[in-house]
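Visitor: I am attaching a structure below and will ask some questions about it afterwards.
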Amino acid sequence: MLSAVWFRVLLVALAGACGALARWGTGYLVQSSLGRTWPLGTLVVNALGCIVFGAAMGYIKPEQMQQPGDEVMRLVLLTGFCGAYTTYSTFAFDVYELWISRGPWWAVGNIAAQLIAGLTAIVLGVAMGRAVG
């Protein structure tokens, strides 16, 4: 039988693999559907990831983590899946590419859009999680 630590490692790794595949699939679908003029794939991935993260945080209420499944949910959903799904490193690279290819205003516009969408999605996700929990 796996030790508790190795079981947690396995959970995070499997959830991370799912998050990475979901991130790639979402980005691919958005970019192939809407074009590559603007990094909409990353915007959609980050917004959806923030909603999922916010909903999980609203539901789990980390300051009150008392249920036995709360730690497993946090490891699987937040650390594993969302950790691999929301890729702010891609966001940073998109900003860099926009700056180089289209100029600083396109880059600043992307930064503003990402932050506004992410913060709005976190607020919505937390409200959704608290409504369910």
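Visitor: Check THR37 against each of (1) surrounded by fewer than 12 Cβ atoms within 10 Å (Cβ to Cβ); (2) β-branched (Val, Ile, Thr); (3) part of a helix (DSSP H, G or I) and name the one condition it does not meet.
Guide: Among (1) surrounded by fewer than 12 Cβ atoms within 10 Å (Cβ to Cβ); (2) β-branched (Val, Ile, Thr); (3) part of a helix (DSSP H, G or I), THR37 violates only (3).
Visitor: Suppose we filter ILE116, ILE100 for residues that are more than 16 Å from the chain's Cα centre (by Cα) and among the β-branched types (Val, Ile, Thr); which single one remains?
Guide: On the way: ILE116 fails: more than 16 Å from the chain's Cα centre (by Cα).
The match here is ILE100.
Visitor: Another one. Could you say whether any residue in segment 98-115 is among the small types (Gly, Ala, Ser), open to solvent by less than 90 Å² (accessible area, probe 1.4 Å), in contact (Cβ under 8 Å) with a residue 12 or more places away in the chain and not in a loop (DSSP other than H, G, I, E, B)?
Guide: Checked against the condition, which is being among the small types (Gly, Ala, Ser), open to solvent by less than 90 Å² (accessible area, probe 1.4 Å), in contact (Cβ under 8 Å) with a residue 12 or more places away in the chain and not in a loop (DSSP other than H, G, I, E, B), segment 98-115 yields at least one hit.
Visitor: Also, I was wondering about something else. Could you tell me whether any residue of segment 62-71 is in a helix (DSSP H, G or I) and at pLDDT 90 or above? Don't jump to the end; show me each part of the working.
Guide: Just the residues of segment 62-71 that are in a helix (DSSP H, G or I), to begin with: 62-64, 68-71.
Going one step further and asking which of them are at pLDDT 90 or above, we end up with none.
Looking through segment 62-71, none of the residues is in a helix (DSSP H, G or I) and at pLDDT 90 or above.
Visitor: With the requirement that a residue be part of a helix (DSSP H, G or I) and free of Cβ contacts under 8 Å to residues at least 60 places away in the same chain, what does segment 1-26 give you? So that I can check it myself, show each step before the final result.
Guide: Filtering segment 1-26 down to residues part of a helix (DSSP H, G or I) leaves 4-26.
Listed by number, the residues that qualify are ALA4, VAL5, TRP6, PHE7, VAL9, LEU10, LEU21, TRP24, GLY25, THR26.
Visitor: Going through GLY80, GLY54 one at a time, which residue ends up being at pLDDT 90 or above and of a type outside the set (A, V, I, L, M, F, W, C)?
Guide: GLY80
Visitor: Here's another thing I want to ask about it. Report, by residue number, each residue of segment 81-96 that is surrounded by fewer than 14 Cβ atoms within 10 Å (Cβ to Cβ) and either over 14 Å from the mean Cα position of the chain (by Cα) or outside any helix (DSSP H, G or I) (or both).
Guide: Of everything in segment 81-96, those that are surrounded by fewer than 14 Cβ atoms within 10 Å (Cβ to Cβ) and either over 14 Å from the mean Cα position of the chain (by Cα) or outside any helix (DSSP H, G or I) (or both) turn out to be ALA92, PHE93, TYR96.
Visitor: Quick one: in segment 8-41, which of the residues that are modelled with pLDDT of 95 or more and aromatic (Phe, Trp, Tyr) is nearest to ALA84 (Cα to Cα)?
Guide: TRP24
Visitor: Further question: Please pick out the residue among GLY35, GLY27 that is under 18 Å from the mean Cα position of the chain (by Cα) and not hydrophobic (A, V, I, L, M, F, W, C). Walk me through it before giving the result.
Guide: Values: GLY35 fails: under 18 Å from the mean Cα position of the chain (by Cα).
After ruling out the rest, the residue left standing is GLY27.
Visitor: Listed residues ARG102, ARG130; which is among the basic types (Lys, Arg) and in contact with a helix residue (DSSP H, G or I) (Cβ under 6 Å, 6 or more places away or on another chain)?
Guide: Just a single option satisfies the conditions, and that option is ARG130.
Visitor: Looking at segment 80-93, is at least one residue of a type outside the set (Phe, Trp, Tyr), over 24 Å from PHE7 (Cβ atoms) and without any contact (Cβ under 8 Å) to a residue 12 or more places away in the chain?
Guide: yes
The values are calculated or read from the model by the stated rules, or taken from the named source; none is laboratory data. The shown structure was predicted, so the numbers you read here are calculated from the model rather than taken from an experiment. Positions of Cβ are generated from backbone atoms using ideal geometry, with glycine treated the same way; all protein chains shown enter the neighbour counts. With ligands, DNA and RNA removed, areas are computed over all heavy atoms of the protein, side chains included. Shrake-Rupley method; radii C 1.70, N 1.55, O 1.52, S 1.80 Å.
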